[in-house]
């Protein structure tokens with residue numbers, strides 16, 4: 001409890017949370033004891049939440065990122081695509097971030113892709129601002145901590161002519177008033193499908209949301 005800064009309002013809530021934690025810990029122990037997966041599970045700051053509670057605050061993605069193709073499409077260089085790609089080894093992934101108790105997974109996903117693409121294009125790995133999307137991209141499906149869609153986030157970045165850095169617009173894990181900053185990255189629209197936002201999902205050339 002102290003490790004993750006948990007504070008409960010009453011002894012009843014504390015007891016209930018402890019039971020949830022215990023149930024989740026049993027699942028972790030059983031999974032690890034089976035030993036049939038190449039990874040292990042562990043407890044973290046979400047271990048006192050039920051699956052329903054976790055999904056209610058962490059899974060706010062509202063739909064599919066890419067729209068259907070408008071015309072014929074043929075994959076290119078299929079044989080050149082590697083079976084796996086770890087963008088961390090390419091230096092294209094920023095340190096782990098925490099969205100907190102805010103349904104902003106859509107913003108983190110979009111920003112993560114932009115950070116990777118920026119690094120591959122410029123050689124510089126810069127942490128970009130999820131909070132700018134949470135506060136400022138609110139005219140369509142994207143509604144801050146209430147959820148959103150990565151495709152709409154990309155459209156906002158294009159219309160906004162960029163996205164500022166994390167240091168300029170730090171994350172607060174809450175909806176706030178828009179305080180737009182000068183964009184750090186730039187995006188282009190109406191480019192060929194094999195190079196666009198949806199196109200990058202079809203290749204191993206770029207990290208995707």
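None of the figures in this text is laboratory data; all of them are computed from the coordinates on show. These numbers were taken from a predicted model, which means no experiment stands behind them. Note: ideal-geometry Cβ built from the backbone for every residue, glycine included; neighbour counts use all protein chains shown.
For residue 172 and residue 90 in one chain, what is 0.36 nm times their gap in residues minus the Cα-Cα distance, to one decimal in nm? If you can, show how the numbers build up before the last one.
Numbers: separation 82, 0.36 × 82 = 29.52 nm, distance 2.88 nm.
Length difference between fully extended and current span is 26.6 nm.
Full extension of the chain segment joining residue 34 with residue 15 gains 4.0 nm, where the gain is 0.36 nm per residue of separation less the Cα-Cα distance. Peptides 47-54, 101-108, 83-90 ordered by packing proxy, namely the average of other Cβ atoms within 10 Å per residue, highest first: 101-108, 47-54, 83-90.
Roughly how far apart, in whole Å, are the Cα centres of the stretch 111-131 and the stretch 1-55? Their Cα centres are 33 Å away from one another.
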